[in-house]
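Here is the structure we will look at, set down as structure tokens.
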Amino acid sequence: MLKGMVTAAALTLVLVGASAKAEPVTEINVGVLSTDTSAALKKNWEPIIADMSKAVGLPAKGFYASDYAGVIEAMRFNKVQLAWYGNASAVPAVDRASGEVFARGTGVDGTPGYYSILLVNQDSPIHSLDDVLKAPGRYTFSNGDPNSTSGYLIPSYYVWAKNHVDINKHFKRVAVGNHESNMVAVANKQVDLATCNTEDLAKFQKAQPDKVAKVREIWRSPLIPGDPLVYRKDLPDDVKNKIRSFFLTYGTPEGGADWQKQKANLAALTYGPVQASDNRQLLPIRQIMLFRDKIKVEDDANLSADDKKTRVAEIDAKLADLDKQIAAAK
């Protein structure tokens, strides 16, 4: 996620004055998902918001959203025209909110993605995922936002579904938090285990090194694609072109005389240059969502054999269609 890449971490642009018929846009409100404290987010995002305002030629100001669901619904009702989502939250934005992926973020070092991780306290007796899996009822766990890719979707598939674990039964207590609150909860020994991601942890290392020093990683996911930028398909073409050009050149020599300063602005958020992308970026994420659902169906003791067979067949058909789309995209 630039984060969210929001991965983690996510940037949202709320365009006020646009209608479903793509009437002229008169103002841009820039929203940022709360993966960090509002004060820290404002300090790091305001320079980028100001630069975007100049590039697009419209007034802009910050709007700090509390969760992914609110942003998706706002886009659905055309109160939000542009958002920097996590991959998982971009799926409903594309499917239900007239969204379209046009770009994705990278890491400061140019990596095309980031990783979901599980954190424990430095003093914890937990040293591996296996330690957690072998101790039902012993530990407490803080999960991520249900629309978060790294905080929820990725661990729900790779950690819990693949190991046939129902977290509500496996843990003594389950909480939900954003990336920062999860890290802090582990550091303060308020929970034994929590989700986070490598991008946000690097950001917290700068802002709260004392807290980060008290946590350690026990599990890391496969690479997650950089978080996608999504705008509404009905946004006026001239505005879309200006926004796309701004993000694809920001922090690069093509960004103008101040490109090194732009690069530093991105680095403050642990982000690198933005790359062009499209809706095909979400195909692997859709696969993970379906695989997770398939495992849940197979593990559901309340379903009859016939019901399981029917539902699994439906999911397999969707997976086969995704395989065709992925093959065609290569």
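The values are calculated or read from the model by the stated rules, or taken from the named source; none is laboratory data. Every value quoted in this text rests on a predicted model; they were computed, and no experiment measured them. Positions of Cβ are backbone-derived with ideal geometry, glycine not excepted, and every protein chain shown enters the neighbour counts.
For the stretch 143-152, the count of residues that are assigned to a loop (DSSP other than H, G, I, E, B) and assigned by TED's automatic domain parsing to the domain that holds R232 is zero.
Of the residues making up the stretch 237-245, not a single one is modelled with pLDDT under 95, under 30 Å from P47 (Cβ atoms) and part of a loop (DSSP other than H, G, I, E, B).
Condition check ((1) closer than 22 Å to I49 by Cβ; (2) surrounded by 20 or more Cβ atoms within 10 Å (Cβ to Cβ)) across all residues:
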site	(1), (2)
A69	no, no
I72	yes, yes
V80	yes, yes
W84	yes, yes
V91	no, yes
R96	no, no
R104	yes, yes
G107	yes, yes
G110	no, no
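Per-residue answers, yes or no, for (1) over 29 Å from V30 (Cβ atoms); (2) in contact with a Gly (Cβ under 7 Å, 6 or more places away or on another chain):
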{"position": "Q81", "(1), (2)": "no, no"}
{"position": "A88", "(1), (2)": "no, no"}
{"position": "A93", "(1), (2)": "no, yes"}
{"position": "G107", "(1), (2)": "no, yes"}
{"position": "I117", "(1), (2)": "no, no"}
{"position": "D123", "(1), (2)": "yes, no"}
{"position": "Y158", "(1), (2)": "yes, no"}
{"position": "N163", "(1), (2)": "yes, no"}
{"position": "F171", "(1), (2)": "yes, no"}
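Of the listed requirements (1) within 18 Å of T111 (Cβ to Cβ); (2) modelled with pLDDT of 95 or more; (3) not polar (S, T, N, Q), L269 misses just one: (2). Taking the stretch 161-184 as the range and being surrounded by fewer than 23 Cβ atoms within 10 Å (Cβ to Cβ) and either assigned by TED's automatic domain parsing to the domain that holds V297 or under 19 Å from A207 (Cα atoms) (or both) as the test, the residues that pass are G177, S181, V184. The residues in the stretch 107-126 that are of a type in the set (S, T, N, Q) and farther than 30 Å from L248 by Cβ can be counted, and the count is 3.
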